[in-house]
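Enquirer: Attaching a single structure in structure tokens format; questions to follow.
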Amino acid sequence: MTEEQKPVDQLTFREAMHELEAIVGVLEANTLELEESLAKYERGVALLASCQKRLGTAEQQIDVLMGELAAAPDDGTIDSTLQKA
């Protein structure tokens, strides 16, 4: 890790995504030496794992919020009669 790189857990989601996109671009260009490519790949894996974890957490929070919005109807609003077609 070079001095200008923050630890992955200190990056915002946007910063992590931006850095991951830059790493993918550099790796796709195939201009690095093997050792540097491996270091970039390792950093990319850490960034990807962090982003996936954050997205999973956000998805769980959204599910909770959506559940609060869609509260179960009470007995007074449920039609419990059987209807024949």
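The values are calculated or read from the model by the stated rules, or taken from the named source; none is laboratory data. None of these values were measured; they are calculated from a predicted model. For neighbour counting, all protein chains shown are included, and Cβ atoms are generated from backbone atoms with ideal geometry for every residue, glycine included. Ligands, DNA and RNA are stripped out before the accessible areas are found, and what is left, the full protein with its side chains, is counted by its heavy atoms. Shrake-Rupley method; radii C 1.70, N 1.55, O 1.52, S 1.80 Å.
Enquirer: Are there any pairs, at least 6 apart or on different chains, whose C-beta atoms fall under 8 Å, with the first in the stretch 25-43 and free of Cβ contacts under 8 Å to residues at least 24 places away in the same chain and the second of a type in the set (Val, Ile, Thr), and if so, which?
Expert: Close Cβ pairs satisfying both conditions: 32/26; 40/23; 40/26; 41/23.
Enquirer: Follow-up. Considering only the stretch 31-49, I want to know if a residue exists there that is open to solvent by 50 Å² or more (accessible area, probe 1.4 Å) and either on the phi > 0 side of the Ramachandran plot or touching a strand residue (DSSP E or B) at 6+ places or on another chain (Cβ under 7 Å) (or both).
Expert: For the stretch 31-49, residues open to solvent by 50 Å² or more (accessible area, probe 1.4 Å) and either on the phi > 0 side of the Ramachandran plot or touching a strand residue (DSSP E or B) at 6+ places or on another chain (Cβ under 7 Å) (or both): absent.
Enquirer: On to the next question. Scan the stretch 1-26 for residues that are open to solvent by 60 Å² or more (accessible area, probe 1.4 Å) and of a type outside the set (Val, Ile, Thr) and report the count.
Expert: First, the residues of the stretch 1-26 that are open to solvent by 60 Å² or more (accessible area, probe 1.4 Å): 1-4, 6, 9-10, 12-15, 17-18, 21, 24.
Next cut, of a type outside the set (Val, Ile, Thr) only: 1, 3-4, 6, 9-10, 13-15, 17-18, 21.
Final tally of qualifying residues: 12.
Enquirer: Please go through the stretch 26-70 and pick out each residue that is of a type in the set (Val, Ile, Thr) and closer than 20 Å to residue 16 by Cβ.
Expert: Across the stretch 26-70, the qualifying residues are 26, 45, 57, 62.
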